[in-house]
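Reading through the structure tokens given below for one structure.
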Amino acid sequence: MLQNIGFPGLILILIIALIVFGPNKLPEIGRAVGKTLKEFRGAAKGFTDDDDADEGAKGKEAKSALPEPKAEAQLEPQQELKEAVPSK
């Protein structure tokens, strides 16, 4: 919706706001809108940071549950195969 508003549209909105609220009240409204947007962005960033932290903790738990790759590499598959298959 706001993507379709061009420069002339913004000027028109500013003129209407100036007429409705007056020149004395307009800076106060601008500050309030700015503070609200800042708080909203901070809260949204907090949500994404919490989600990233949760995913990171889950990833660490999953990695600790897996066997170490070095231990797997030290196995000797040929020797284990000879032991598992009975000799004739």
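For I15 and E39 in the same chain, what is the full-extension length gain: residue separation times 0.36 nm, less their Cα-Cα distance, in nm?
Full-extension gain reported as 5.9 nm.
I want to check the label-to-label distance for R31 and F47. Put each point 7 Å from Cα in the C-beta direction and report it in nm to one decimal.
Inter-label distance under the simple model: 2.9 nm.
Coordinate-derived values only; no laboratory data. Model, not experiment: these values are computed from the prediction. Glycine gets a Cβ as well: all are built from the backbone with ideal geometry, and neighbour counts include every protein chain shown.
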